[in-house]
Structure formats: structure tokens, C-alpha cells
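Novice: Questions regarding the structure given below will be posed in turn.
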Amino acid sequence: MELIVLIGAPLYIVAIVLYSIRLLKGPTIPDMVLAADCLSYDLAVFLMALTLYYKTPFLVAPSIMLALWVYLLDVYVSKYLVSKEVGK
């Protein structure tokens, strides 16, 4: 299990750095939203992996809530890009 952590943690850090660069320098809004999605979903998966590693159920709810907030972000951005207004 420690080998997985030693290999997986640096890969997650590299992914977070690359997604953050795309989020800050993205050429279009959909690229930035996709980077935010990937960043958030990777964080949710990392929280679930920590849940399995520490054998505690306390990190399950935050990872599910994070995934739902990212989905809500996608819905609002796509609604805005289609109709240029949110809430109607």
C-alpha cells in the first residue's frame, strides 16, 4: 500500500499543477471549466483513496459533495454559454 502512495501522490501533484496552469491560462472558457472539473474530480478520487487508506468513512461525504458541486458548476456554465443568462 505504501508503494501505491509513493507512486500515486507525485502523480496527483503533477496533475494538479497541470490542471491549475490550464485553469489560469486556458484559451477558452470551456477549457477552464474542464480543467476545474478534472481538478475537482481528481481531488474527490484522492479523498476516496485516503478514505480507503485510513479505513475511515469520514472522508466519503466531502468527496461526494465536491463531485456534486463540480457537476453544478458544469450545469451553470453550460446554461450561461447557451442562453447568456442563469436562473431562468
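Novice: Applying the Karplus parametrisation 6.51 cos²θ - 1.76 cosθ + 1.60 with θ = phi - 60° to the phi angles of segment 51-65, what ³J(HN,Hα) value in whole Hz is obtained for each residue in order, glycine and proline being reported as x?
Specialist: Each residue's phi maps through the Karplus curve to give 4, 5, 5, 8, 6, 10, x, 6, 9, 6, 4, x, 5, 5, 5 Hz.
Novice: Using Cβ contacts closer than 10 Å as the measure, can you line up 83, 40, 20 from fewest to most?
Specialist: Going from least to most buried by this count: 83, 20, 40.
Novice: Report, in whole Å, the centroid distance computed from the Cα atoms of segment 52-82 and segment 7-44.
Specialist: So the separation of the two Cα centres works out to 15 Å.
Novice: What net charge is computed for the residues neighbouring residue 41, neighbours being all others with C-beta under 15 Å from the C-beta of residue 41, Lys and Arg scored +1, Asp and Glu -1? Mind showing how you got there, number by number?
Specialist: Details: positive: 22; negative: 37, 42, 74.
Spelling it out: positives minus negatives among the neighbours equals -2.
Novice: Oh, and also: Helix 2-25 sits at what angle to the longest principal axis of the chain, using alpha carbons and giving 0 to 90 degrees rounded to 10?
Specialist: 20
Novice: How would you classify segment 2-83 from its alpha-carbon gyration tensor, with a ≥ b ≥ c the square roots of the eigenvalues: rounded for a/c under 1.5, else prolate if a/b is greater than b/c, otherwise oblate?
Specialist: Oblate.
Novice: Hey, what number do you get for the chain at 222 nm if only DSSP H runs of n ≥ 4 count, each worth -39500 (n - 2.57), divided across all residues, to the nearest 500?
Specialist: So the helix-based figure for the chain works out to -30000 deg cm²/dmol.
Novice: In whole Hz, with x marking every Gly and Pro, tabulate ³J(HN,Hα) for segment 32-41 from phi via Karplus 6.51 cos²θ - 1.76 cosθ + 1.60, θ = phi - 60°.
Specialist: 3J(HN,Hα) across segment 32-41, in whole Hz: 5, 5, 5, 5, 5, 4, 4, 4, 6, 5.
Novice: Going through segment 1-46, which chymotrypsin sites (Phe, Trp or Tyr not before Pro) have at most 10 other Cβ atoms within 10 Å and a DSSP loop state? Could you put the intermediate results ahead of the total?
Specialist: On the way: sites: 12, 19, 41, 46; in loops: none.
Sites meeting the loop and neighbour criteria: none at all.
Only the coordinates and a few stated rules stand behind these numbers; no lab work does. Being a predicted model, the structure only gives us computed values, none of them experimental. FYI the Cβ positions are ideal-geometry reconstructions off the backbone, even for glycines, and counts take in every protein chain you see.
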